[in-house]
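Only one structure is covered here, and it is reproduced in the block below.
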Amino acid sequence: MRDVIVVGGGPVGIVLACLLAEHGLDVQVLERRTKPSMQARAIGIHPPSMRVLRQVGVADEVLARAVRIDAGSVRCGGRTLGRLSFTRMAGRFPFVVALPQYETEAVLRARFRQLKPEGLRSGVLVGTLQDRGDHVNVLAESPDPARPGGGELLGIARYVVVADGARGHLREAAGIASRPVGGGGSYLMADYPDSGEHGSEAVLFFEAGGVVESFPLPSGRRRWVAMTPSLMTDAPIEKLSALIHARTGVQLPPSDALPSSFSVRQRLATAMVNGRVLLVGDAAHEISPIGGQGMNLGWLDALALAPALKHALALPIEARATLGDYDRVRRRSARRAARQAGFNMAMGRPAQGTRLQLRNALVRILAMPPLNGLLARAFTMRWL
Ligand SMILES: Cc1cc2nc3c(=O)[nH]c(=O)nc-3n(C[C@H](O)[C@H](O)[C@H](O)COP(=O)(O)OP(=O)(O)OC[C@H]3O[C@@H](n4cnc5c(N)ncnc54)[C@H](O)[C@@H]3O)c2cc1C
């Protein structure tokens with residue numbers, strides 16, 4: 001019987017497992033993949049998350065591999081509408097850190113190996129969870145679909161944390177529903193050589209035809225993301241470069257990268273706790289990547305959940321109240337993040353004539369004191 005089994009060894013599951021191991025708990029992670037994912041996903045790591053990474057013991061290594069984004073500017077029609085500097089923010093990390101998610105995950109896995117050398121079991125697909133009141137059985141997929149509980153017993157734990165991401169099936173299997181929340185859209189993105197023109201700034205081009213975003217990356221590269229009228233699966237890099245040029249006038253250098261397309265949906269779980277099964281990360285809240293919050297939000301879940309689980313295991317009589325607090329506080333943060341992402345996406349939609357002028361005026365107002373301070377806090381997730 002372990003203290004905690006975490007299902008899913010993505011960035012959130014591994015951070016939680018590191019924090020639990022540091023609290024002295026017996027934790028195991030079960031992960032279906034045998035090889036790490038190299039998909040282009042998160043890059044932005046916000047100041048509150050840097051504090052989580054410092055607690056995990058990897059902040060210095062992440063900083064050494066990453067680049068720092070010191071400011072963000074918004075442009076339209078070749079003019080700068082406003083600029084937000086993060087450098088005047090209080091705290092040890094007055095910047096956003098940019099590192100490809102697969103590199104961050106590699107650092108985290110190495111740290112978990114140090115803390116618990118046998119803690120990550122890969123190549124294991126969890127099929128079902130059975131909450132028995134005082135423990136949870138974790139079972140593999142059943143070979144017989146008519147007997148869903150007939151799979152091999154993979155482990156037994158006092159608590160199981162589902163960190164199987166937005167496409168995982170265990171939230172539903174644990175009897176927790178989810179509901180869609182506002183905002184959607186499709187985007188195309190790729191990493192290009194960085195011309196150096198924008199320095200360490202993130203640039204948002206709020207153009208009439210739709211938003212284009214650009215972020216610095218390590219190794220002299222830059223990520224460019226463009227909103228598209230529909231999902232452009234398999235679009236060649238030339239198509240993305242032409243779209244960006246038509247909207248912003250920026251002529252990007254040739255790149256051999258393969259663009260990735262994605263469409264956005266946002267969903268929130270109606271609970272993050274059901275008996276001895278708990279949710280963290282994308283399993284609990286799928287937030288639009290526009291604004292770069294999903295992984296960060298999951299890490300902040302993990303930061304709240306680790307001490308709550310330690311307390312629940314040490315004082316079972318208080319478990320219900322402690323885990324209830326986790327559920328309430330973290331779902332409130334997820335709702336805020338979804339609202340902010342909805343606002344970010346709405347600001348980037350195509351706009352013409354008066355709507356475009358009003359939007360530009362709003363950006364100018366938001367970029368002036370005192371609103372720019374609030375906006376910098378929101379964009380760096382200080383309120384989560
Ligand atoms: C294009 C794009 C850009 C993004 N940019 C940002 C950004 O800049 N900043 C940000 O904060 N977020 C960003 N995100 C969101 C971020 O990628 C996710 O929020 C993050 O990956 C969630 O981590 P997770 O560990 O909860 O889930 P995942 O990363 O999805 O990990 C889940 C893990 O569970 C495993 N698993 C699933 N089912 C099972 C099972 N049954 N048994 C065992 N293992 C299982 C999977 O193999 C996987 O390894 C972006 C996302 C996209 C798509």
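Inspect region 315-330 for any residue being hydroxyl-bearing (Ser, Thr, Tyr) and at pLDDT below 95 and give the result as yes or no.
Looking through region 315-330, none of the residues is hydroxyl-bearing (Ser, Thr, Tyr) and at pLDDT below 95.
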Quiz item: When only residues in region 290-326 that are closer than 29 Å to Phe205 by Cα, part of a helix (DSSP H, G or I) and of a type in the set (A, V, I, L, M) count, which is farthest from the ligand (Cβ to nearest atom)?
Solution: Leu297
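Does Ala21 satisfy the criteria of being aliphatic (A, V, I, L, M) and away from the ligand (no atom under 16 Å from the Cβ)? Write out each step before concluding.
Details: aliphatic (A, V, I, L, M): yes; away from the ligand (no atom under 16 Å from the Cβ): yes.
So Ala21 passes the test.
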Exercise. Kindly indicate whether Val160 is within 16 Å of the ligand (Cβ to nearest atom), farther than 21 Å from Pro11 by Cβ and of a type in the set (Val, Ile, Thr).
Key: no
Quiz item: Do any strands (runs of 3 or more DSSP E) entirely within region 40-148 hold 3 or more residues that are within 10 Å of the ligand (Cβ to nearest atom), in the same structural domain as Arg171 (by TED's automatic domain parsing) and surrounded by 15 or more Cβ atoms within 10 Å (Cβ to Cβ), and if so, which?
Solution: 126-131
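Identify, please: which residue in region 331-384 is part of a loop (DSSP other than H, G, I, E, B) and among the small types (Gly, Ala, Ser) and is, among those, modelled with the lowest pLDDT? Reasoning before the result, please.
Kept after step one, since they are part of a loop (DSSP other than H, G, I, E, B), are these residues of region 331-384: 348-352, 367-370, 380-384.
If we keep only those that are among the small types (Gly, Ala, Ser) as well, we get 348, 351, 367.
Numbers: Gly348: 88, Ala351: 90, Ala367: 82.
That would be Ala367.
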Quiz item: Can you name the number of the only condition in (1) away from the ligand (no atom under 16 Å from the Cβ); (2) over 30 Å from Gly82 (Cα atoms); (3) of a type in the set (A, V, I, L, M, F, W, C) that Phe206 fails?
Solution: (2)
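The values are calculated or read from the model by the stated rules, or taken from the named source; none is laboratory data. Fair warning: this is a prediction, and the values are worked out from it, not measured in the lab. Glycine gets a Cβ as well: all are built from the backbone with ideal geometry, and neighbour counts include every protein chain shown.
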